[in-house]
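Have a look at the structure that comes next, please.
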Amino acid sequence: MRLVLFTGKGGVGKTTLAAATGATLATYGKRTLVVSTDPAHSLADSYGVPLGPEPTEVDRRLDAVQIDSRSLADTAWQRLRGQLGNALAGIGVDALDAAELTVLPGVDELLALGEVRRLAATKHWHAVVVDCGPTAETLRLFALPEAIASYLRRMYGWQPKSRALTGAAASVAELGAHLESLRTMLTDRDVTTVRLVLTPERMVVAETRRTLTALALRGIRVDGIVANRLMPAAGLWRGGAASWLRERRAQQEAVLAEAGAAGLSGVRLVEHRAAEPVGLDALAEIAKELYGGGDPLAGEADDVAPMLRITESDQGYRLRIALPLAPDADVDLARIDDDLAITIDGSRRLVALPRLLRPCDVIGAETDAEGLVVLLTEPGGQP
């Protein structure tokens with residue numbers, strides 16, 4: 001089973017591309033489910049059929065669903081909230097405070113991700129294509145399982161393989177195991193990939209670069225970038241409209257050239273349409289341009305180096321953290337016990353230090369074309 005998630009800045013057309021990808025996979029003989037987790041659902045509009053919170057048949061081998069996070073919050077969340085409430089009560093937080101503390105920001109996104117996992121786990125579909133919300137919501141969605149699991153580890157000593165627990169500890173273990181399964185699903189590079197959708201505008205490209213870094217920071221694989229709504233070439237047309245098209249197309253191509261020079265390579269192009277692409281026939285035309293008759297699941301070639309690599313240096317050790325960094329990226333580094341807290345352009349992650357480096361002191365850091373290099377020395381060594 002493959003899980004492909006589409007995200008991008010609001011209004012770039014990710015829903016259309018996700019719908020087109022799902023429809024094409026179905027025509028290739030793969031049972032496919034297209035899921036919308038975007039609170040502003042428009043997947044039903046793309047297919048031109050009504051959709052609800054349960055999978056609905058759109059065409060042969062093609063189903064679609066629009067997840068209703070608020071409905072999930074009224075049902076499934078009550079159980080998870082009860083588990084966390086029991087855990088909080090177990091450390092002396094009274095019942096009223098526990099109820100208040102378990103109204104977590106981002107719970108809608110967390111439940112939507114859990115529903116995606118539940119649907120994928122049925123194994124009824126060969127592929128699940130997800131139309132995610134805009135990038136800000138998506139990054140919060142991807143960060144929540146790890147953030148809450150980290151909280152459980154620090155507050156309660158929970159570990160992924162906790163066994164034979166009772167009472168509040170059992171509630172913590174069950175909630176922790178649920179979150180760990182979500183994190184595992186997102187970081188399984190053979191199963192889950194993300195495709196970033198942008199329009200050829202400098203502000204959108206800049207946000208895409210930040211998103212690419214934030215996903216790499218969490219170990220989530222990006223297997224494709226799509227530049228949507230590229231103005232069609234004016235050809236031999238004449239007149240004011242043709243001049244405008246040529247000028248706008250030249251501007252867009254300049255932005256894409258800058259993006260390529262800055263590391264956003266292998267971008268696929270989809271031209272703007274005069275008419276809104278609604279229905280399977282229109283989506284098929286989009287998919288033909290997007291994939292050129294190839295396998296929509298193939299993605300781009302991805303020879304990924306290990307995220308962490310250790311080499312020796314005259315001062316001690318160099319820990320390379322492979323991340324795509326923009327030249328103007330805002331990078332902050334801090335040591336927290338046996339973890340490195342890495343913050344890049346506002347996205348933060350705790351990275352566990354390899355055992356060899358845990359006794360060492362951090363003496364500096366630098367960036368290069370491959371990512372971040374942390375300099376460490378043995379305790380008492382000379383910086």
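The values are calculated or read from the model by the stated rules, or taken from the named source; none is laboratory data. Because the structure is a prediction, the values reported are computed rather than measured. Backbone-built Cβ (ideal geometry, glycine too); neighbour counts: all protein chains shown.
If you check Leu283 against the conditions, is it outside any loop (DSSP other than H, G, I, E, B) and assigned by TED's automatic domain parsing to the domain that holds Gly224? Before you say what the answer is, go through the steps one by one.
On the way: outside any loop (DSSP other than H, G, I, E, B): yes; assigned by TED's automatic domain parsing to the domain that holds Gly224: yes.
Taking the combined requirement at face value, the residue satisfies it.
Follow-up question, since we're still on this one. Could you please tell me which pairs satisfy a Cβ distance under 9 Å, a separation of 6+ or placement on different chains, a first residue in the stretch 215-232 that is farther than 21 Å from Thr15 by Cβ, and a second residue that is of a type in the set (Val, Ile, Thr) and in a loop (DSSP other than H, G, I, E, B)?
Arg221/Val304
Name the single residue that is farthest from Leu290 (Cα to Cα) among those in the stretch 1-25 being among the hydrophobic types (A, V, I, L, M, F, W, C) and surrounded by fewer than 24 Cβ atoms within 10 Å (Cβ to Cβ). Break it down into steps so the answer makes sense when it comes.
Filtering the stretch 1-25 down to residues among the hydrophobic types (A, V, I, L, M, F, W, C) leaves 1, 3-6, 12, 17-20, 23, 25.
Of the ones still in play, those that are also surrounded by fewer than 24 Cβ atoms within 10 Å (Cβ to Cβ) are 1, 3.
Values: Met1: 22, Leu3: 18 Å.
So, considering only residues that are among the hydrophobic types (A, V, I, L, M, F, W, C) and surrounded by fewer than 24 Cβ atoms within 10 Å (Cβ to Cβ), the one farthest from Leu290 (Cα to Cα) is Met1.
Of the residues Thr193, Thr208, which is of a type in the set (Ser, Thr, Tyr) and not in a helix (DSSP H, G or I)? Walk me through it before giving the result.
Details: Thr208 fails: not in a helix (DSSP H, G or I).
Within the list Thr193, Thr208, the selection yields Thr193.
If you don't mind, there's one more thing I want to ask. If you scan the stretch 327-347, which residues turn out to be surrounded by 12 or more Cβ atoms within 10 Å (Cβ to Cβ), without any contact (Cβ under 8 Å) to a residue 24 or more places away in the chain and not hydroxyl-bearing (Ser, Thr, Tyr)?
Kept after step one, since they are surrounded by 12 or more Cβ atoms within 10 Å (Cβ to Cβ), are these residues of the stretch 327-347: 329, 331-335, 338-345, 347.
Checking the rest, the ones that are also without any contact (Cβ under 8 Å) to a residue 24 or more places away in the chain come to 332, 334, 338-339, 341, 343.
Those that are surrounded by 12 or more Cβ atoms within 10 Å (Cβ to Cβ), without any contact (Cβ under 8 Å) to a residue 24 or more places away in the chain and not hydroxyl-bearing (Ser, Thr, Tyr): Asp332, Ala334, Asp338, Asp339, Ala341.
I'd like to verify a number: residues in the stretch 352-361 that are out of contact with any Pro (no Cβ under 7 Å at 6 or more places or on another chain) and surrounded by fewer than 18 Cβ atoms within 10 Å (Cβ to Cβ), how many?
The total comes to 5.
Mind listing just one residue for me: the one in the stretch 1-21 that is part of a loop (DSSP other than H, G, I, E, B) and among the hydrophobic types (A, V, I, L, M, F, W, C) and, of those, farthest from the chain's Cα centre (by Cα)?
Of all residues in the stretch 1-21, those part of a loop (DSSP other than H, G, I, E, B) come to 1, 9-13.
After this cut, where a residue has to be among the hydrophobic types (A, V, I, L, M, F, W, C) as well, the list is 1, 12.
Values: Met1: 18, Val12: 16 Å.
Per the criteria, the residue is Met1.
Please specify each residue of the stretch 277-294 satisfying the condition of being out of contact with any helix residue (DSSP H, G or I) (no Cβ under 6 Å at 6 or more places or on another chain) and closer than 18 Å to Ala233 by Cβ.
In the first step, residues of the stretch 277-294 are kept if they are out of contact with any helix residue (DSSP H, G or I) (no Cβ under 6 Å at 6 or more places or on another chain); the result is 278-279, 281-282, 284-285, 288-294.
Within the stretch 277-294, Glu285, Lys288, Glu289, Leu290, Gly292 qualify.
Name the residue, out of Ala227, Ala233, Ala274, that is surrounded by fewer than 14 Cβ atoms within 10 Å (Cβ to Cβ), touching a helix residue (DSSP H, G or I) at 6+ places or on another chain (Cβ under 7 Å) and either at pLDDT below 90 or part of a strand (DSSP E or B) (or both). Please lay out each step first, then the result.
Values: Ala227 fails: surrounded by fewer than 14 Cβ atoms within 10 Å (Cβ to Cβ); Ala274 fails: touching a helix residue (DSSP H, G or I) at 6+ places or on another chain (Cβ under 7 Å).
After ruling out the rest, the residue left standing is Ala233.
What do you reckon, is Leu280 farther than 14 Å from Gly13 by Cβ and at pLDDT 95 or above?
Numbers: farther than 14 Å from Gly13 by Cβ: yes; at pLDDT 95 or above: yes.
Taking the combined requirement at face value, the residue satisfies it.
With (1) surrounded by 18 or more Cβ atoms within 10 Å (Cβ to Cβ); (2) in contact (Cβ under 8 Å) with a residue 40 or more places away in the chain; (3) not in a loop (DSSP other than H, G, I, E, B) as the list, and Pro324 as the residue in question, which single condition is left unmet?
The single condition Pro324 does not satisfy is (3).
OK, next. Is it the case that Ala233 is over 15 Å from Arg202 (Cα atoms) and among the small types (Gly, Ala, Ser)? Spell out the reasoning first.
On the way: over 15 Å from Arg202 (Cα atoms): yes; among the small types (Gly, Ala, Ser): yes.
Yes, satisfied.
Residues are listed down the side, and each one gets a yes or a no for (1) assigned to a helix (DSSP H, G or I); (2) at pLDDT 90 or above; (3) touching a Ser or Thr at 6+ places or on another chain (Cβ under 6 Å); (4) outside the structural domain of Ala227 (by TED's automatic domain parsing):
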residue: Ala73; (1), (2), (3), (4): yes, no, no, no
residue: Trp77; (1), (2), (3), (4): yes, no, no, no
residue: Leu88; (1), (2), (3), (4): yes, no, no, no
residue: Ile91; (1), (2), (3), (4): no, no, no, no
residue: Ala98; (1), (2), (3), (4): yes, no, no, no
residue: Glu115; (1), (2), (3), (4): yes, yes, no, no
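Kindly provide the set of residues from the stretch 244-268 that are of a type in the set (A, V, I, L, M, F, W, C) and exposed (fewer than 13 other Cβ atoms within 10 Å of the Cβ), ordered by number.
Residues of the stretch 244-268 of a type in the set (A, V, I, L, M, F, W, C): 244-245, 250, 254-257, 259, 261-262, 264, 267.
Across the stretch 244-268, the qualifying residues are Trp244, Ala250, Ala254, Ala257, Ala261.
Going by what's in this entry, would Ala250 be described as within 30 Å of Leu340 (Cβ to Cβ) and part of a helix (DSSP H, G or I)? Break it down stepwise before answering.
On the way: within 30 Å of Leu340 (Cβ to Cβ): no; part of a helix (DSSP H, G or I): yes.
For Ala250, the condition - within 30 Å of Leu340 (Cβ to Cβ) and part of a helix (DSSP H, G or I) - is not met.
I would also like to ask the following. Just to be sure, is Pro200 in a loop (DSSP other than H, G, I, E, B) and modelled with pLDDT under 85?
Numbers: in a loop (DSSP other than H, G, I, E, B): yes; modelled with pLDDT under 85: no.
Answer is no for this residue.
Using the structure shown, decide if Ala216 is surrounded by fewer than 15 Cβ atoms within 10 Å (Cβ to Cβ) and closer than 26 Å to Leu5 by Cα.
Details: surrounded by fewer than 15 Cβ atoms within 10 Å (Cβ to Cβ): no; closer than 26 Å to Leu5 by Cα: yes.
No; evaluated as a whole, the condition is false for this residue.
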